[in-house]
1. In segment 116-137, how many are at pLDDT 85 or above and within 19 Å of residue 49 (Cα to Cα)?
2. If you go through segment 116-144, how many residues are loosely packed, with under 12 Cβ neighbours inside 10 Å and not aliphatic (A, V, I, L, M)?
3. Which number in (1) surrounded by 18 or more Cβ atoms within 10 Å (Cβ to Cβ); (2) modelled with pLDDT of 90 or more marks the one condition that residue 29 misses?
4. Considering segment 189-215 alone, what residues qualify as being open to solvent by less than 40 Å² (accessible area, probe 1.4 Å) and either within 22 Å of residue 62 (Cα to Cα) or among the polar types (S, T, N, Q) (or both)?
5. Quick check on segment 34-54. Is at least one of its residues among the small types (Gly, Ala, Ser), closer than 19 Å to residue 82 by Cα and without any contact (Cβ under 8 Å) to a residue 60 or more places away in the chain?
6. Which condition breaks for residue 162 when tested against (1) modelled with pLDDT of 80 or more; (2) loosely packed, with under 13 Cβ neighbours inside 10 Å; (3) in contact with a Lys or Arg (Cβ under 7 Å, 6 or more places away or on another chain)?
7. Looking at this structure, is residue 96 open to solvent by 60 Å² or more (accessible area, probe 1.4 Å), closer than 29 Å to residue 164 by Cβ, in contact (Cβ under 8 Å) with a residue 40 or more places away in the chain and more than 17 Å from the chain's Cα centre (by Cα)?
8. Which condition breaks for residue 72 when tested against (1) small (Gly, Ala, Ser); (2) buried (at least 18 other Cβ atoms within 10 Å of the Cβ); (3) more than 17 Å from the chain's Cα centre (by Cα)?
Amino acid sequence: MMLVWLAVHQLGYAWHDGRLTGLSKLLPLCLGALLILVGLVTLGPYPLSMVSVPGEAVSNSLPPKLTMLALGVFQGGLLLSLEAPLRRWLTRMTPWTATVLVNGMIMTIYLWHLSAMALIAGLGLATGFAGLTLVPGSGVWWLCRPVWIAILLVVLALFGLIFGRFERSAAGSGSIGAWRLIVGSALVCGGLALVALDGVGGSGWLGIRIWVIALPFVGAAVAGVNPMRSRPG
């Protein structure tokens, strides 16, 4: 867990320090990682899907394997190799405005994108939508992908407009003691880890483990996070 994610995390620091600039460095990094990834998937025991799939004997993400590290290095090298033309493109008003708009609600988008997908899939199952019965990878399936993406974007945009204000106003005001930040972070991370490990279902009230769900909220309160507080100024 620490080896893979911290290695990818350090790529950002290497880029910030100027160690990952220039195609002479980025292209070998990108292509080498891609070759390793293809080799691990085709010759090794690792599945093609980078996310966990029920029934797979090996999961690439639980815990993260070398395939995830190779994928992260490949994606990072590919994006950084496009840095110069992207910077020139972002000097234009329209793309830069769109970038600022999306980044203003980027955490909301990250937190709600799976909820939007689950909502659309659930409605599709309830209404008998034919798109859910298509064979994955078929020609018709690929033709329907833009439609699915467009629908998901619309629903996700609505979530962003509704919940984005809580993201922007959640920061606490004033000075928060170090002990509160440490304890709050521990409670939040512990609660989320328990949810990720065993889910929310249990034998308690409403069939859920209330104390597990409550931990992140308690931790956020201890750390001074209040989503109902307006941002000063």
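The values are calculated or read from the model by the stated rules, or taken from the named source; none is laboratory data. Model, not experiment: these values are computed from the prediction. A quick note on method: Cβ atoms are made from the backbone with ideal geometry, for glycine too, and the neighbour counts reach across all protein chains shown. To get the accessible areas, we keep the full protein, side chains included, count just its heavy atoms, and leave off ligands, DNA and RNA. Shrake-Rupley method; radii C 1.70, N 1.55, O 1.52, S 1.80 Å.
1. Looking only at segment 116-137, we keep the residues that are at pLDDT 85 or above, and these are 116-123.
Then drop every residue that is not within 19 Å of residue 49 (Cα to Cα), which leaves 117.
Here the count works out to 1.
2. Summing the residues that are loosely packed, with under 12 Cβ neighbours inside 10 Å and not aliphatic (A, V, I, L, M) in segment 116-144 gives 9.
3. (2)
4. 190, 191, 199, 212
5. There is no residue in segment 34-54 that is among the small types (Gly, Ala, Ser), closer than 19 Å to residue 82 by Cα and without any contact (Cβ under 8 Å) to a residue 60 or more places away in the chain.
6. (3)
7. It is false that residue 96 is open to solvent by 60 Å² or more (accessible area, probe 1.4 Å), closer than 29 Å to residue 164 by Cβ, in contact (Cβ under 8 Å) with a residue 40 or more places away in the chain and more than 17 Å from the chain's Cα centre (by Cα).
8. Every listed condition holds for residue 72 apart from (3).
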